[in-house]
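Let me begin by presenting the structure, written as structure tokens, before commenting on it.
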Amino acid sequence: MDDWVDKLTRVGPEQDAALVELGELLKVRVKRAFKSRPKADSSFVDDVVQDSLATILASIRQFDGESKFTSWATTLAVRTALRQMRRLNWQDTSLDQMLSHNPAKVESRSPSGSDPAAIALSKQMVESMYRIINYELTDKQREVLLAHLNGMPQAEIGRRMNTSRNAVYKLGFDARKRLRDGLIAAGYSAEDLEAIKAAR
């Protein structure tokens, strides 16, 4: 096993020196991994490395020695960078913008095929979905569902709503269940949903 673990678990000058050395190595590797991302500037890389070092120290006992320590540490740093990059990608989009967005405008594209029945079914289903989303979901369920439909990650939804990831998952689960139950109550079947997917 590398001696990194020994150095990083000794509180004192040796640990401090190891953190500086590992930090410089991770900076090089994160820069290389994200060199094509415009938002991955030096400030971004510095933040990623600082967060990564804290994570590495907190979970160092999980290192099993099956790979090089620096490879394990790099994997953690890249995961941290990806999380932060996803957050940056959403920072200019508010939940209010999503709530004001009419989901029918997203879903109302007609199927690309020429089947008039499938086209009619698609439009009717969109109208039903729009009604359910706007009138049968709670405000929080609507927020989570629309954010999710627009591709926002659960962790980012939770951060903006100031709630836990588990709470976001539960809200999303309940919203999708209400949407599905509402479509069934409106007379749509699993076969209808599959027909629309196949026609697209």
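Where a number appears in this text, it was derived from the coordinates with a stated rule and is not lab data. Because the structure is a prediction, the values reported are computed rather than measured. When we count neighbours, we look across all protein chains shown, and the Cβ atoms used for this are built from the backbone with ideal geometry, even at glycine.
Some points to look at:
- Computed label-point distance, nm, for sites SER189 and LYS140 using a 7 Å Cα→Cβ extension: 3.7 nm
- The stretch 4-90 shape via C-alpha gyration tensor axes, a/c threshold 1.5: prolate
- Taking Lys and Arg as +1 and Asp and Glu as -1, the other residues whose beta-carbon sits under 12 Å from that of VAL45 total +2.
- By the count of other C-beta atoms within 10 Å, a proxy for reagent exposure, VAL144, VAL78 are ordered fewest to most as VAL78, VAL144.
- Neighbour-count ranking [beta-carbon atoms within 10 angstrom, fewest first] of GLU156, GLU143, GLU14: GLU14, GLU156, GLU143
- Cα-Cα over 27 Å, subset of LYS35/LYS170; LYS7/LYS39; LYS39/LYS170; LYS31/LYS68: LYS35/LYS170; LYS7/LYS39; LYS39/LYS170
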